[in-house]
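The structure under discussion appears below in the form of structure tokens.
The values are calculated or read from the model by the stated rules, or taken from the named source; none is laboratory data. None of the values given here were measured: they were computed from a predicted structure. Don't worry about glycine lacking a Cβ; one is built from the backbone with ideal geometry, like all the others, and counts go over all protein chains shown.
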């Protein structure tokens, strides 16, 4: 496989009526990289994927996939990419095996020729080989769609929201499969609205309203969080939320599972000092004992910070 | 209404030889936010359809707002709100028209409709968008609007089926603040979600597995009971007992 960039997007722009679906989007995906596009519905993820897989033309900018131009070289590119659209697009009335055979035939190949490529996924699907695709569970449908996207042995995978609406455990199994494919050197671009999946990628970009907010390794995005961040636990979440938001130095306070994440507005403040201030403040408000500790920011913290900055 | 908002006793539903819901029993108190969790296919939707009076139980019973879901389904439906991922809002009506339409369906007076429309619009900051078609407003607003519409007739219990799918993390949290407020005002909330951090926001949760309730309690009790640090871990242990954590 060539060692050039797997994806090279430069200034991509695409408008639908008044909506700017993609606004000057530029990023690279390195060979063999598992790259995540993280963002909510309406961020522009699907528009981006449709351009990268040659199904939609950009209004401006350019993109190369496997060092081929997505507009000029579309016919050559289509044979080389594996694409899983966001909406389940297999034939519900065909069986698992029939769907797979059909997709192999479309690409003028056979399931047997792809055996090694699809082995880890096929092992989980095989017990259901005779079942109609429409009768599979959500998680199994997605595994079948992944299998079909791989059957022509593509040189890159582009997966648009493969885990949306799938339960937490099936999501984890799907990501295990992606990890195995990546280990074989296959570059993968995957989009997801689930922030916790970002940590499973080599690099991610956070996307909102057609723009890329930040692109980096997940740990690095957390490390670059620009303010002191503390977790506050104890008492009633709703009561604490109201009190902390009124603290004079509060920049943002959001519930995070069983805790609240508090961001201080003072960029250089020592987290331990802020923690002591917060403890005293909560106690003076009569909310009793709470635990306050400095924490490292995660992807979701970073996403919310960049979102708020973008809106300001 | 006295007694629990939801009281399910050995509630069961079979489809042919398949038991989708297998004798579940649980109560939801007034004002409680109850997280109804489980893997895809565990039976959550079937259970919810019985509780909202759309599907008859095969055996067992349940009352919602004090009325039997099997024999008094109409009474039940008058006292509940329901919101699913596929909102029941009309895309080609404006925000205000949607509220008016549903207020009329619920039999509210014009004065009540006008008053509650004002309250809803100011609560979710939609005053300026009142004349916009629902099709034109962002998903996060649609979700909040759908929730407020589900509460329009002041139901005793509101059922939310994955209400926060697909929205950004800030909008998701704003939505949960609306849920908290509804609970604080005495409305009971039964909510399903795939975001396990959201399950932590519930007063109590249940986790369904193969049609039965495999764990139930406050989020911290459920975590402690299984010796797990996070609900993610709890979920994995219950649904895939053989899997390595």
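Here are the numbers:
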read-out: Looking only at region B:164-175, and only at residues there that are crowded, with 23+ Cβ neighbours inside 10 Å and out of contact with any helix residue (DSSP H, G or I) (no Cβ under 6 Å at 6 or more places or on another chain), the one that is farthest from the other protein chains (Cβ to nearest Cβ); value: B:172
read-out: Tally of residues being within 10 Å of chain B (Cβ to nearest Cβ) and touching a strand residue (DSSP E or B) at 6+ places or on another chain (Cβ under 9 Å) across region A:135-167; value: 4
read-out: Residue list for region A:188-215, restricted to those being assigned to a loop (DSSP other than H, G, I, E, B) and either farther than 26 Å from residue B:162 by Cβ or within 12 Å of chain B (Cβ to nearest Cβ) (or both); value: A:193, A:194, A:202, A:209
read-out: Some residue of region A:128-151 being farther than 16 Å from residue A:90 by Cβ and assigned by TED's automatic domain parsing to the domain that holds residue A:31; value: no
read-out: Evaluation of residue A:170 against (1) at pLDDT below 95; (2) farther than 30 Å from residue A:282 by Cβ; (3) within 15 Å of the chain's Cα centre (by Cα) (one fails), failing number; value: (3)
read-out: Filter result for residue A:252 (under 24 Å from residue B:174 (Cα atoms) and either surrounded by fewer than 18 Cβ atoms within 10 Å (Cβ to Cβ) or in contact with a strand residue (DSSP E or B) (Cβ under 8 Å, 6 or more places away or on another chain) (or both)); value: yes
read-out: Leading residue by the ranking (surrounded by the fewest Cβ atoms within 10 Å (Cβ to Cβ)) among those in region A:206-249 that are within 22 Å of residue B:183 (Cβ to Cβ) and touching a strand residue (DSSP E or B) at 6+ places or on another chain (Cβ under 7 Å); value: A:245
read-out: All strands (runs of 3 or more DSSP E) inside region A:216-312 with 2 or more residues being within 13 Å of chain B (Cβ to nearest Cβ); value: A:229-233, A:250-256, A:259-264
read-out: Count - residues of region B:11-24 that are surrounded by fewer than 14 Cβ atoms within 10 Å (Cβ to Cβ) and in a strand (DSSP E or B); value: 2
read-out: Members of region B:176-192 found to be facing chain A (nearest Cβ under 10 Å) and crowded, with 20+ Cβ neighbours inside 10 Å, listed by number; value: B:176, B:183
read-out: Qualifying residue in region B:155-162 (condition: within 14 Å of chain A (Cβ to nearest Cβ) and either modelled with pLDDT under 95 or crowded, with 23+ Cβ neighbours inside 10 Å (or both)); value: yes
read-out: Flag if residue B:127 is at pLDDT below 95 and within 30 Å of residue B:27 (Cβ to Cβ); value: no
read-out: Selected residue (only one of A:32, A:86 is more than 14 Å from chain B (Cβ to nearest Cβ), in contact (Cβ under 8 Å) with a residue 60 or more places away in the chain and either farther than 25 Å from residue A:194 by Cβ or surrounded by fewer than 22 Cβ atoms within 10 Å (Cβ to Cβ) (or both)); value: A:32
read-out: Residue B:162 being in contact with a strand residue (DSSP E or B) (Cβ under 9 Å, 6 or more places away or on another chain) and in contact (Cβ under 8 Å) with a residue 24 or more places away in the chain; value: yes
read-out: Close pairs from region A:158-173: first outside the structural domain of residue A:35 (by TED's automatic domain parsing), partner assigned to a loop (DSSP other than H, G, I, E, B), Cβ under 6 Å, at least 6 apart; value: none
read-out: Among (1) more than 19 Å from the chain's Cα centre (by Cα); (2) away from chain A (no Cβ under 11 Å); (3) free of Cβ contacts under 8 Å to residues at least 24 places away in the same chain, the one test that residue B:217 misses; value: (1)
read-out: Test result for residue B:131, away from chain A (no Cβ under 14 Å) and not in a helix (DSSP H, G or I); value: yes
read-out: Tally of residues being in contact (Cβ under 8 Å) with a residue 60 or more places away in the chain, outside any strand (DSSP E or B) and crowded, with 19+ Cβ neighbours inside 10 Å across region B:80-104; value: 1
